[in-house]
Amino acid sequence: TEARAALGLIEPEIERCLGITSSLLKLSTPSGSRHDLIVVDEIVGEVISLLAYEAESRGVRIELRSAPGLRVIASDSEMRMVIINLAQNALHAMIRGGVLTVTTRRDGAVVEIVVADTGVGIRPEDLDRIFLPFWSRRADGVRGTGLGLAICRNIVRRSGGTLNAASVPGRGSQFTLRLPDADHHPSD
């Protein structure tokens, strides 16, 4: 009976670990020109779940606001990389804790993924530079490579979308990824 109770506790944890491993494998799949039909809320949920421990250890609460069933045509592994990069940048910006909000929604013929934080924000004079290769300024003092946002913007552009940022110093930042809605038909 004790062994059964222990197995009952272990089994869900094993399933959770398998899910994380699956997400990590999808994230590490080599990028290429192959584009697939991606269900946005599924990949966003999987990627954000990978960051749950890091968020908790930094005192950050994650709010996921997903519109179910949104689909885009893009590289699965590259979109995962973009989302994880944006979310990790947000975590780094919240040096005293805060809230990371990830929202997926439809806006006409476009699917939006919005990653917002309540961190230190980006100075107005730096906002134009954040997407430049090799430019880096992290709030937590760690020196980054300065390639993350440049690569993310390039990936999004190759998929026919845009990646933009808005920020208020001392209040946080918001990154908005916009991609063509795979289910939008001009006659709709």
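Every number in this text was worked out from the coordinates using simple rules, so none of it is lab data. For clarity, every value in this text was computed on a predicted model and none was experimentally measured. Here Cβ is always computed from backbone atoms with ideal geometry, including for glycine, and neighbour counts include all displayed protein chains.
Between E11 and L37, what FRET efficiency follows from the Cβ-Cβ distance if R0 is 30 Å, with the result rounded to 0.05?
Values: r = 32 Å, r/R0 = 1.07.
Calculated transfer efficiency: 0.40.
Report the convex hull volume per residue for region 48-120, counting only C-alpha atoms, in Å³.
86 Å³
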